[in-house]
Every structure is written in structure tokens, then in C-alpha cells.
Amino acid sequence: QVQLVESGGGLVQAGDSLRLSCAASGRTFSTYLMGWFRQAPGKEREFVAAARRSGGSTYYRDSVKGRFTISRDNAKNTVYLQMNSLKPEDTGVYYCAAASRIFSRSESEYDYWGQGTQVTVSS
């Protein structure tokens, strides 16, 4: 069992930066693929980024490439999402999730989810 708690969301202006954190419980954090997803109002939840167990391999949706960076600190059981040059279309609830897989962009393949943190980007 893994419990995930996100933090770091907020209201910012377009062009600003935010850093989201996701703290995980348990001693097996390093064995999980960690991902970030987001859900905008009225839309389905979508994949944002993922980091493999060692953190050496990372993946992003096209619209955030070059602006967002996912990283993980296995010693601290924490995964981060650094978001730069934020745009209004980045607005949504951001969720971190853990999967017992090598890699996946599909939310159905993630086993554990946090409660989400709201990110609002004003124009």
C-alpha cells in the first residue's frame, strides 16, 4: 500500500512557475513508476509526465515538453513536477500516481493516487 500526498499548487499568472511535490509513504517508493496527471474542468484526466524507478528516464506529454520537468528523490520518497512558463491551458487539478510497471501513460494502469492539488493559471 502506498499513500500519496501532493502539495505546491496555487494561483499564478501566465509565465510564472510552480513546483509540485508528492510525498509517498512506505519503504517501496523506489520500486514504483511515478506519474503526474491533470484534469481540467469538464475534461478527462490526462497524462502529464512520468519518471521511471531510478528517475533516469522521464516522459512528457507534448504540450509540456521543454516547460515541465519531473524528478524524484527516492531517499525522500518524493516526486516533483517543476512547471515553468505556465499557460492558462495548464489549469487543472494535478494528481500524482504510482504504478507497478516499467512505464505507462494510461491512468488505468496506475495503482495508487493522491488527492490532487489545484493549479490555476490566469491570463
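Among the residues of the stretch 91-110, write down those that are open to solvent by 10 Å² or more (accessible area, probe 1.4 Å) and either touching a Gly at 6+ places or on another chain (Cβ under 7 Å) or aliphatic (A, V, I, L, M) (or both).
If the condition is that a residue be open to solvent by 10 Å² or more (accessible area, probe 1.4 Å) and either touching a Gly at 6+ places or on another chain (Cβ under 7 Å) or aliphatic (A, V, I, L, M) (or both), then Val93, Tyr95, Ile102, Tyr110 are the ones that fit.
Could you figure out which of (1) free of Cβ contacts under 8 Å to residues at least 40 places away in the same chain; (2) part of a loop (DSSP other than H, G, I, E, B); (3) open to solvent by less than 30 Å² (accessible area, probe 1.4 Å) isn't true of Val2?
Among (1) free of Cβ contacts under 8 Å to residues at least 40 places away in the same chain; (2) part of a loop (DSSP other than H, G, I, E, B); (3) open to solvent by less than 30 Å² (accessible area, probe 1.4 Å), the lone unmet condition for Val2 is (1).
List pairs: first in the stretch 82-96 and within 14 Å of Leu11 (Cβ to Cβ), second among the acidic types (Asp, Glu) and in a strand (DSSP E or B), Cβ under 7 Å, 6+ apart or cross-chain?
Here the result reads Tyr94/Glu6, each pair linking the stretch 82-96 to a residue that is among the acidic types (Asp, Glu) and in a strand (DSSP E or B).
Where the second residue is open to solvent by 90 Å² or more (accessible area, probe 1.4 Å) and not charged (D, E, K, R) and the first is within 25 Å of Gln13 (Cα to Cα) and lies in the stretch 102-123, which pairs have Cβ atoms under 6 Å and are six or more apart or on separate chains?
Thr120/Leu11; Ser122/Gln13
Among the residues of the stretch 62-75, which ones are touching a residue at least 24 places away in the same chain (Cβ under 8 Å) and outside any strand (DSSP E or B)?
Listed by number, the residues that qualify are Ser63, Val64, Asn74.
Checking the structure you have, find out if any residue of the stretch 95-110 is among the aromatic types (Phe, Trp, Tyr) and not in a strand (DSSP E or B).
Yes, that holds for at least one residue.
Looking only at the stretch 5-36, count every residue that is part of a strand (DSSP E or B) and open to solvent by less than 40 Å² (accessible area, probe 1.4 Å) and tell me the total.
The qualifying residues number 12.
Return yes or no: is Thr120 open to solvent by 10 Å² or more (accessible area, probe 1.4 Å) and either at pLDDT below 95 or out of contact with any Lys or Arg (no Cβ under 8 Å at 6 or more places or on another chain) (or both)?
yes
Output the residues belonging to the stretch 84-123 that are among the aromatic types (Phe, Trp, Tyr) and under 19 Å from Asp62 (Cα atoms).
Tyr94, Tyr95, Phe103
Quick check on Ser85: is it outside any strand (DSSP E or B), touching an Asp or Glu at 6+ places or on another chain (Cβ under 9 Å) and of a type in the set (Gly, Ala, Ser)?
For Ser85, the condition - outside any strand (DSSP E or B), touching an Asp or Glu at 6+ places or on another chain (Cβ under 9 Å) and of a type in the set (Gly, Ala, Ser) - is met.
Considering only the stretch 37-44, I want to know if a residue exists there that is out of contact with any strand residue (DSSP E or B) (no Cβ under 7 Å at 6 or more places or on another chain) and in a strand (DSSP E or B).
Checking the stretch 37-44: not a single residue is out of contact with any strand residue (DSSP E or B) (no Cβ under 7 Å at 6 or more places or on another chain) and in a strand (DSSP E or B).
For Pro41, work out the one condition from (1) out of contact with any Gly (no Cβ under 8 Å at 6 or more places or on another chain); (2) exposed (fewer than 13 other Cβ atoms within 10 Å of the Cβ); (3) on the phi < 0 side of the Ramachandran plot it doesn't fulfil.
Here Pro41 clears every test but (1).
The values are calculated or read from the model by the stated rules, or taken from the named source; none is laboratory data. Not measured: the values here are computed from a predicted model. As a convention, Cβ positions derive from the backbone with ideal geometry for all residues, glycine included, and neighbour counts pool all protein chains shown. Protein only, heavy atoms only, side chains kept; ligands, DNA and RNA dropped before computing areas. Shrake-Rupley method; radii C 1.70, N 1.55, O 1.52, S 1.80 Å.
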